[in-house]
1. Give region 1-27 a look and list any residue that's in a helix (DSSP H, G or I), over 15 Å from the mean Cα position of the chain (by Cα) and without any contact (Cβ under 8 Å) to a residue 60 or more places away in the chain, or say none.
2. Hey, does region 18-30 have a residue that's exposed (fewer than 15 other Cβ atoms within 10 Å of the Cβ), at pLDDT 90 or above and either out of contact with any helix residue (DSSP H, G or I) (no Cβ under 7 Å at 6 or more places or on another chain) or not basic (Lys, Arg) (or both)?
3. Considering only region 94-110, I want to know if a residue exists there that is under 30 Å from HIS55 (Cα atoms), at pLDDT below 75, surrounded by fewer than 10 Cβ atoms within 10 Å (Cβ to Cβ) and of a type outside the set (Phe, Trp, Tyr).
4. Are there strands (runs of 3 or more DSSP E) fully within region 28-138 with at least 2 residues that are within 19 Å of the chain's Cα centre (by Cα) and assigned by TED's automatic domain parsing to the domain that holds PHE10? List them.
5. Just to be sure, is GLU136 farther than 29 Å from PHE22 by Cα, in contact with a strand residue (DSSP E or B) (Cβ under 6 Å, 6 or more places away or on another chain), without any contact (Cβ under 8 Å) to a residue 24 or more places away in the chain and acidic (Asp, Glu)?
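The values are calculated or read from the model by the stated rules, or taken from the named source; none is laboratory data. Computed from a predicted structure; not experimentally measured. Every residue, glycine among them, receives a Cβ derived from its backbone with ideal geometry; neighbour counts consider all protein chains shown.
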Amino acid sequence: MESEIGSELFKFARNVISHFPFFNSWNKVWINKPIVNWYREGLTIDKFLKKYVGHQEVKYRFREEDKKLMTYLAINFPTSYKDGAKLFLKDMIIEKKGIKFCFILMKEITNSQVEEMKKLWCWRCKMEIAKLDEEEFKNASKLYGEAFKKGG
């Protein structure tokens, strides 16, 4: 169950931050039911809140290999999800742990989806560095050119 919540929480936090970018601080980010459903009901944020409102606290731990330590965090869910009530992101997860949680999940996704880049000798740097090979460079250049032509 925790892995399911983790994925959904990540999508929830990403959508709150990207769709409501008018806050200067994590501690000030809040939403409520009318704001969440301004376009229509049942989208990602609304589904998450309806599913987990009143759910008990969930605790996670992650091993940070490079630091040789464990990161512990707790996720608290709103007790109610009614029309006028403000739901603060900080009440669900504190900023430092929330950002770390998002980065850890993104890293896990990247590690499972992306092949490691080859390290090739750089004559300029006089060391091995991660670089695209000829075929990868050709594909990346083509995609970059197409995106540039489209203006994005």
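1. The one that is in a helix (DSSP H, G or I), over 15 Å from the mean Cα position of the chain (by Cα) and without any contact (Cβ under 8 Å) to a residue 60 or more places away in the chain: GLU2.
2. The answer is yes; a qualifying residue exists.
3. Yes, because at least one residue in region 94-110 is under 30 Å from HIS55 (Cα atoms), at pLDDT below 75, surrounded by fewer than 10 Cβ atoms within 10 Å (Cβ to Cβ) and of a type outside the set (Phe, Trp, Tyr).
4. Working: elements: 58-64, 69-75, 119-122, 127-130.
Correct list: 58-64, 69-75.
5. no
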